[in-house]
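Novice: Structure below; questions to follow.
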Amino acid sequence: MTTSSSVQQARQALADRLRELVRDAGLDGKDLAALCGWHPSKVSRISRAKTQPNADDIRAWCQACGAEDQAEDLIASLRAVEGMWVSWRRMERTGLRRAQEAVLPLYERTAHFRAYSPNFVPGLIQTYGYTEDVLRAVQRRRVAVDDVADAVASRMERQHVLDDGQKRFAFLVEESVLGNALGDADTQAEQLDRLLTAGTAPNVSLGVVPTRLGRPRMPVEGFWIFDTAQVNVELVSGHLTITQPSEVKAYADTFATLADMAVYGDKARALITRARESLR
């Protein structure tokens, strides 16, 4: 499983709270294991954050420590840890629409949004046809349920946040994105036309990182920064949510470095226009 220090720190915090319950109850690991009917090694692994407990484990732990009133709060903490790393299989088991809808509140409460994409146009500035091609490819590769039309509609609805002039949006794409497409030339041309106007709104910035030799920073994984509170990263195997301040800062610093390498305004439009003309 891929994790980050954010995930590990959250797991450790949960383990620390469970260990405190044992200490406060005047017990040791062997006592707890006997009361729960477990092997002592299970208590040790949970206490050291080597094994993540399930909800039933937490209830049994709290009961043994005489702290049943804390069980639900600890289970809520467990659910938060579980939500930091979610495999695509789990996230998309009922289709793509729910995953699209689930992130809308996050976008709506974010005042400063930054997105870097090395592969495809970011969702907030995708056209309907481009989004349909992207989500259809995802559905064919890993999702049994076909609710692509509803998922596309949900992503299109999310774009209303761009109309809020109090919010700021900064998008960075690699120049290769301008030539990457899962659909046909007409769909890509429409998307490039959208990019030509995407950065003209006063609260929206669009930068293109040119392809060139000797660049100081190579492309990294795509990521989305929501204010200074959270970073989302899409990996091959799943979706990672980062909240550890030092890690959020690392992504913000990486975004700033890539932003310094990008071109904007007329120079960005020239690259987009050249990519569009190559479709003819």
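Throughout, read-outs are computed from the coordinates displayed, never taken from laboratory work. No experiment lies behind these values; they were computed from the predicted model shown. Neighbour counts run over all protein chains shown; Cβ positions are idealised from the backbone, glycine included.
Novice: Pick the calculated P(r) over Cα pairs in 10 Å bins from 0, in percent for this structure from [x] 6, 24, 28, 20, 12, 8, 3, 0; [y] 6, 27, 34, 22, 9, 2, 0, 0; [z] 7, 32, 40, 19, 2, 0?
Specialist: Here P(r) over Cα pairs in 10 Å bins from 0, in percent agrees with entry [x].
Novice: Let's test the formula: R0 of 41 Å, r as the Cβ-Cβ distance of S44 and E234. What FRET efficiency results, to the nearest 0.05? Each step should come with its number before you reach the end.
Specialist: On the way: r = 35 Å, r/R0 = 0.85.
After rounding, the FRET efficiency stands at 0.70.
Novice: Which ³J(HN,Hα) values, rounded to whole Hz and listed in residue order, are derived for the stretch 269-280 from phi using the Karplus coefficients 6.51, -1.76 and 1.60 in 6.51 cos²θ - 1.76 cosθ + 1.60 with θ = phi - 60°, glycine and proline given as x?
Specialist: 5, 5, 5, 5, 5, 4, 5, 5, 5, 5, 7, 6
Novice: May I pose another question? If you project the alpha carbons of the stretch 125-192 onto the principal axes, what extent comes out on each, in Å, largest first?
Specialist: Its Cα atoms span 39, 26, 19 Å along the three principal axes.
Novice: Near the amide H of S205, under 5 Å away, which other amide H atoms are found, from residues 5 or more places off or on another chain, if H is placed in the peptide plane?
Specialist: F169, A170, F171
Novice: So how do H39, H112, H239 line up by other beta-carbon neighbours within 10 Å, fewest first? Each step should come with its number before you reach the end.
Specialist: Values: H39 10, H112 13, H239 19.
Starting with the residue having the fewest Cβ neighbours, the order is H39, H112, H239.
Novice: If you don't mind, another one. At 7 Å along the Cα-to-beta-carbon direction for both E68 and L213, put a label point, then send me their distance in nm to one decimal.
Specialist: 7.4
Novice: A further question on this structure: Considering only I46, C62, L32, whose Cα is most displaced toward the positive end of the charge dipole of the stretch 5-84, charges sitting on Cβ of Lys, Arg (+1) and Asp, Glu (-1)?
Specialist: About the Cα centre, the residue reaching furthest to the positive side is I46.
Novice: Determine the relative contact order of the chain: mean sequence separation of Cα pairs under 8 Å and six or more apart, normalised by residue count, in whole percent.
Specialist: Working: 388 pairs, mean separation 55.6, N = 280.
Computed over the chain, the figure is 20 percent.
Novice: Could I ask something else about it? For an R0 of 41 angstrom, estimate the FRET efficiency from the Cβ-Cβ distance between D28 and A252 and round to the nearest 0.05. Write down the numbers at each step before the final one.
Specialist: Numbers: r = 44 Å, r/R0 = 1.07.
Given R0 = 41 Å and the Cβ-Cβ separation, E is 0.40.
Novice: Can you work out the Karplus-derived ³J(HN,Hα) for every residue in the stretch 87-103? Use 6.51 cos²θ - 1.76 cosθ + 1.60 with θ = phi - 60°, whole Hz, and x for glycine or proline.
Specialist: 5, 4, 4, 6, 5, 10, 5, 9, x, 8, 4, 4, 5, 5, 5, 5, 8
Novice: For the stretch 5-84, would you read off the P(r) tail past 18 Å as a percentage of all alpha carbon pairs? List each step's numbers first, then the result.
Specialist: Values: 994 of 3160 pairs.
Value for the stretch 5-84 (Cα pairs over 18 Å): 31 percent.
Novice: Compute the distance in nm between two label points, each set 7 Å from the Cα along the Cα-to-Cβ direction, one at E221 and one at R93.
Specialist: 2.2
Novice: Another one. Quick query: amide H of H239 versus all other amide H atoms, modeled in the peptide plane; which residues come in under 5 Å with a sequence gap of 5 or more or a different chain?
Specialist: Excluding prolines and chain starts, which carry no amide H, the hits are V86, S87, W88.
Novice: Compute the angle between helix 128-142 and the longest alpha-carbon principal axis of the chain, please, reported from 0 to 90 degrees and rounded to the nearest 10.
Specialist: Once rounded, the angle reads 40 degrees.
Novice: Could you give the nm distance between label points at R168 and V86, where each point is 7 Å from its Cα heading toward the beta carbon?
Specialist: Result for the modelled spin labels: 2.9 nm.
Novice: For the chain, give the magnitude of the charge dipole about the Cα centre (Cβ charges: +1 Lys/Arg, -1 Asp/Glu; no others), in debye to the nearest 20. Display every interim value, and only then the final one.
Specialist: On the way: 36 positive and 37 negative charges, 158 e Å.
Around 760 debye, computed over the chain.
Novice: Over the alpha carbons of the stretch 103-228, what is the largest minus smallest coordinate on each principal axis, giving the biggest first in Å?
Specialist: The Cα atoms of the stretch 103-228 stretch 41, 36, 25 Å along the principal axes, largest first.
Novice: Tell me what the chain gives for mean residue ellipticity at 222 nm when only DSSP H runs of n ≥ 4 count, each as -39,500 (n - 2.57), the sum divided by the residue total, rounded to 500 deg cm²/dmol. Kindly include the intermediate steps, with their values, before the conclusion.
Specialist: Values: 13 runs with 146 residues, N = 280.
Here the helix-only value at 222 nm equals -16000 deg cm²/dmol.
Novice: Defining a contact as two alpha carbons under 8 Å apart and six or more residues distant in sequence, what relative contact order in percent does the stretch 5-84 show? Each step should come with its number before you reach the end.
Specialist: On the way: 67 pairs, mean separation 27.9, N = 80.
35 percent.
Novice: I would also like to ask the following. For helix 245-261, report the angle its Cα long axis makes with the longest principal axis of the Cα atoms of the chain; keep it between 0 and 90° and round to the nearest 10°.
Specialist: Tilt relative to the chain: about 10 degrees.
Novice: May I ask you to give the average projected area over all directions of the convex hull of the Cα atoms of the stretch 186-251, in nm² rounded to one decimal?
Specialist: Numbers: hull surface 27.8 nm².
Averaged projected hull area, Cα only: 7.0 nm².
Novice: So what does the Cα-only Debye profile of the stretch 1-138 read at q = 0.16, 0.17, 0.22 Å⁻¹, as log10 I(q)/I(0), no solvent term?
Specialist: Rounded to two decimals, the profile gives -0.89, -0.95, -1.35.
Novice: Using the Karplus curve 6.51 cos²θ - 1.76 cosθ + 1.60 with θ = phi - 60°, what ³J(HN,Hα) values do you get for each residue of the stretch 24-37, in whole Hz, with x for Gly and Pro?
Specialist: Computed from phi, the couplings for the stretch 24-37 are 5, 7, x, 10, 10, x, 5, 4, 5, 4, 5, 5, 8, x Hz.
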